[in-house]
Ligand SMILES: *Cc1c(COP(=O)(O)O)cnc(C)c1O
Ligand SMILES: [Zn+2]
């Protein structure tokens with residue numbers, strides 16, 4: 001049973017039946033999935049949601065697949081961690097981490113979008129799936145395609161972290177490194193999708209794929225006791241996730257699932273070395289000027305963001321803001337998060353925390369605001385970004401250990 005009534009153009013409103021399609025044939029704008037909210041409201045309640053599995057599929061009526069899901073069954077419902085030690089360190093009273101660094105199966109928020117796209121590819125009977133990726137999407141498409149028994153074609157820029165490349169190839173997918181940046185890779189994928197008729201998750205399956213990210217917003221609200229937070233800080237690459245978190249909160253309000261109306265301000269986070277969306281917000285503009293990425297935050301290195309126009313809209317309309325941080329701050333904040341909360345995030349998480357601190361310093365997020373930081377990826381994949389002290393090496397004798405402890409000024 002599906003509550004999807006088709007697709008519509010985000011600009012001209014033209015309607016389309018369900019199909020793999022990249023954008024509007026008339027005006028080339030992106031498409032969105034349309035739902036029958038009245039029908040959903042008759043079946044979806046807090047009780048029905050709470051009675052289901054701890055995964056994205058507990059919000060099944062609000063996700064765009066027709067049949068029962070066949071892959072990604074354990075994806076989502078990641079922990080929302082109350083972060084009191086970090087809150088104290090950065091000057092907030094009530095801070096939470098939405099921790100998608102432990103998402104299933106590939107340790108990033110991309111497992112949410114891929115779960116939808118690969119099931120959709122199965123429903124459409126497509127012969128293969130693929131993606132243009134900055135790394136995490138590659139991991140997730142490769143894993144879910146393997147589980148679905150579909151061949152996968154994964155195109156990546158040729159400068160990605162070794163851990164992200166290895167964690168793609170291992171699933172037996174066809175990995176192609178392209179001499180160029182993400183924007184070059186993405187353009188090539190559009191041409192391949194047209195020629196071969198495969199399902200590229202972020203090209204011709206994009207309208208469905210994007211809606212997987214709504215679950216990030218649903219979960220935050222449910223885990224806060226059916227309340228929307230005051231502020232959410234979200235790392236941005238193409239700019240889709242931040243818009244879908246807001247859409248998820250608004251859908252919950254519309255369905256009467258929340259205690260209070262949504263009054264959430266959305267804050268975007270980028271690296272200074274790739275900041276086309278935050279730069280537009282700082283000009284109070286929705287007009288994105290593309291950049292050439294140069295940052296260690298490779299998962300966010302999209303110079304020409306597909307949803308930049310909509311991301312700036314959500315940020316400015318909600319009364320939020322956006323900031324960007326230098327690579328050195330990214331590293332510093334990966335460490336701060338690890339040392340205060342025991343959460344090891346990738347570079348995108350360092351961006352999100354660094355930007356949160358900047359927004360607090362600027363007075364844009366107040367100390368009393370209930371704030372959620374989106375931790376979207378796992379630190380094990382970007383260890384190259386850190387230079388950590390090697391462990392001290394000792395002989396296997398107690399006196400040697402005593403000497404090591406003594407060097408720190410401690411005694412037994
Ligand atoms: C892709 C990605 C993002 C940003 O997602 P968009 O929807 O493209 O803005 C954030 N964090 C991580 C770790 C990602 O891989
Ligand atoms: Zn159109």
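Out of curiosity, is residue 382 within 25 Å of the chain's Cα centre (by Cα), surrounded by 12 or more Cβ atoms within 10 Å (Cβ to Cβ) and modelled with pLDDT of 95 or more?
no
If we scan segment 209-222, do we find a residue that is over 17 Å from the mean Cα position of the chain (by Cα) and in the same structural domain as residue 334 (by TED's automatic domain parsing)?
yes
So, restricting to helices (runs of 4 or more DSSP H) that lie completely within segment 304-412, which ones have at least 3 residues that are closer than 19 Å to residue 91 by Cβ and in contact (Cβ under 8 Å) with a residue 12 or more places away in the chain?
Result: 327-341, 347-361.
If you check 156, 116, 220, which single one turns out to be surrounded by 20 or more Cβ atoms within 10 Å (Cβ to Cβ) and not in a helix (DSSP H, G or I)?
Sole residue among the options that is surrounded by 20 or more Cβ atoms within 10 Å (Cβ to Cβ) and not in a helix (DSSP H, G or I): 156.
With 225, 239, 256 as the choices, which residue is within 16 Å of ligand 1 (Cβ to nearest atom) and at pLDDT 95 or above?
On the way: 225 fails: within 16 Å of ligand 1 (Cβ to nearest atom); 256 fails: within 16 Å of ligand 1 (Cβ to nearest atom).
239 is the lone residue from the list that is within 16 Å of ligand 1 (Cβ to nearest atom) and at pLDDT 95 or above.
Can you work out which of the residues in segment 101-135 that are farther than 20 Å from residue 20 by Cα and modelled with pLDDT under 95 is nearest to ligand 2 (Cβ to nearest atom)? Explain how you work it out, then say what you get.
Of the residues in segment 101-135, the ones farther than 20 Å from residue 20 by Cα are 101-109, 134-135.
Still in the running and modelled with pLDDT under 95: 134-135.
Values: 134: 27, 135: 31 Å.
Per the criteria, the residue is 134.
Conditions first: (1) buried (at least 19 other Cβ atoms within 10 Å of the Cβ); (2) over 16 Å from the mean Cα position of the chain (by Cα); (3) assigned to a loop (DSSP other than H, G, I, E, B). Residue 278 passes all but one, so which condition is the exception?
(3)
The values are calculated or read from the model by the stated rules, or taken from the named source; none is laboratory data. For clarity, every value in this text was computed on a predicted model and none was experimentally measured. We place every Cβ from the backbone using ideal geometry, glycine too, and count neighbours over all the protein chains shown.
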